[in-house]
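Read the structure below first, then the notes.
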Amino acid sequence: MLGAQSQLEALGEGSTGQTELNRAKLGQLVLDLPEPKCWPELGDALGKLEATGRARLDENRTLTELRDTLLPKLVSGQIRIKDAERAVEEVV
């Protein structure tokens, strides 16, 4: 699909931000697909990739919450850097 990106973009028609894909032209587009015997392996690999992505998003949310909690306390002097480091170590 990534190899077909420029072809797909070229199929866009319209103006003023209302670009659409021409269905007839889209139907004529030829895409290379993996052999069916590779689909289970590909599905497993994509599943692992998706799980990794979800884990990274969860980690990002956790770190964002931690930053938003600790930063104001650090700036105000309510906690010291060593205390913040310990809090981060507990989460990460």
- Find the centroid of the Cα atoms in the range 16-33 and in the range 59-85, then give the distance between the two in whole Å. 48
- DSSP-assigned coil residues among GluC sites (Glu not before Pro) in the range 33-63, each with at most 12 further Cβ atoms within 10 Å: none
- Excluding ligands and nucleic acids, what accessible area in Å² is computed for LEU26 using a 1.4 Å probe, to the nearest 10? 70
- Task: Starting from the range 20-92, pick out the trypsin sites (Lys or Arg not before Pro) whose DSSP state is loop and whose Cβ has at most 16 other Cβ atoms within 10 Å.
- Result: ARG80
- Task: Assign unit charges at the C-beta atoms only (+1 for Lys and Arg, -1 for Asp and Glu), then state the dipole size of the chain relative to its Cα centre in Debye, rounded to the nearest 20.
- Result: 260
- Query: By how many nm would the segment from LEU49 to LEU74 grow when fully extended, if each residue of separation counts as 0.36 nm and the alpha-carbon distance is taken off?
  - Reply: 5.4 nm
- Query: To the nearest 0.05, what FRET efficiency results for ARG61 and LEU26 with a Förster distance of 35 Å applied to their C-beta separation?
  - Reply: 0.45
- Item | P(r) weight above 21 Å for the chain, C-alpha pairs, percent | 64
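Rounded to the nearest whole Å², what accessible area per residue is found for the range 1-63 with the 1.4 Å probe?
With the other protein chains kept in place, the range 1-63 gives 90 Å² per residue.
The values are calculated or read from the model by the stated rules, or taken from the named source; none is laboratory data. Just so it is clear, the structure is predicted and the values come from calculations on it, not from any experiment. As a convention, Cβ positions derive from the backbone with ideal geometry for all residues, glycine included, and neighbour counts pool all protein chains shown. Remember, those area values only see protein heavy atoms, side chains included, never the ligands or the DNA or RNA. Shrake-Rupley method; radii C 1.70, N 1.55, O 1.52, S 1.80 Å.
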